[in-house]
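Taking it in order: structure first as structure tokens, then the write-up.
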């Protein structure tokens, strides 16, 4: 009999209010859908950690909440329910009216299982709280498993807020000494953790217990009647950059490039910037809000559903990803799965996921980016046509393959 899973959905509950998901949100939702499904092969309990206490949520209430969040993020929920307070109330009502179990009740229920539980955290939520992890191990006899998205603040502290590096070093140290198994989203992330382990005295996490399982990737959903994107008649071609506006995403390169295109091209393409505003992005935001040369050429969108993004991507000349560093590169994989070409930075993780399909460009070479974008903007672009041919052979990572690795990793951890 498989060991039961205690799936921490604390962060997913908080993020459910958003109209669209981030990359981490997508992974959390997929884990909730897999482990909390009514026909799941492994017993699982949705739990929330609050004020030092662990609370269990009834299976039916957790499933209804997960289904509602999925509909909200995919654009399947009515527009009023995704944007108005009444919709948010309906989203959370079934969850909070469900039957909840406090710690001792949950422990009593878990005694019905022969194996000790596996506490599974899919986000980095609670991972840096050593007391919380130790208490879970002590009170529930639980083995601890986490999904690791990246350790970028350790490897590239210059792209993050002050103090972020130390926070991630604490997180990595707790994982190394208190967790039994880690699921890494890429070989790049797994190598980063192993490199950190090498600097730690007496790490408890065996290197063999770091498993690489690339997240499943689906094409962006599209409405049956796709709305036309409002385009200026003299500039129909457009590109998309997708992701949080933060330093490592390198939006500034594209904004500077479009400033050049505004003065060097008769009919420059447009750029759609899709993503929430992050941190230390003052210069990029100033250009988005105040640049006269970018006005009418660059548009910012930060509250779009997956369906709306899919509709926009379907007509784009390419997705642009000039990032300096990534843990996986989910937008790239989702664009490729949607049949959309990608121009991206030449960094190892993009090569790992995209293989030979995208056009790779040095993230600091503005002129190379300009050449690629000008070429792709042409209706008969040979360079774009060549990528479309390569794209026909690209295969997206699948969630069933991902969870097959996860299930084996959980069984391995429970038998140690």
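Bear in mind these aren't lab numbers, they're just calculated from the coordinates by the rules spelled out. As the structure is a prediction and not an experimental result, all values here were calculated from the model. Glycine also receives a Cβ, built like all others from the backbone with ideal geometry; neighbour counts cover every protein chain displayed.
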Quick calc, residue 129 & residue 104: beta-carbon distance into FRET formula, R0 22 Å, rounding 0.05, result 0.55
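By average Cβ neighbour count within 10 Å, what is the ranking of 131-138, 286-293, 8-15 from highest down? Write down the numbers at each step before the final one.
On the way: 131-138: 16.0, 286-293: 13.2, 8-15: 20.8.
Descending mean neighbour count gives 8-15, 131-138, 286-293.
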Rounded to the nearest 10, the angle in degrees between the Cα long axis of helix 251-264 and the longest principal axis of the Cα atoms of the chain comes to 10
Longest principal axis of the chain (C-alpha) makes with the long axis of helix 366-376 (C-alpha) an angle, in degrees to the nearest 10, of 80
Candidates for Rg and Dmax of the Cα atoms in Å are [x] 21.3, 62; [y] 20.5, 67; [z] 22.4, 72, and the calculated one carries label [z]
Projected onto their principal axes, the Cα atoms of segment 238-391 stretch, largest extent first, over whole-Å spans of 39, 35, 31
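Sum -39500 (n - 2.57) across every DSSP H segment of at least 4 residues in the chain, then divide by the residue count to get the 222 nm mean residue ellipticity, nearest 500. Provide the component values of the computation, followed by the final result.
Numbers: 18 runs with 185 residues, N = 416.
Using -39500 (n - 2.57) per qualifying helix, the result is -13000 deg cm²/dmol.
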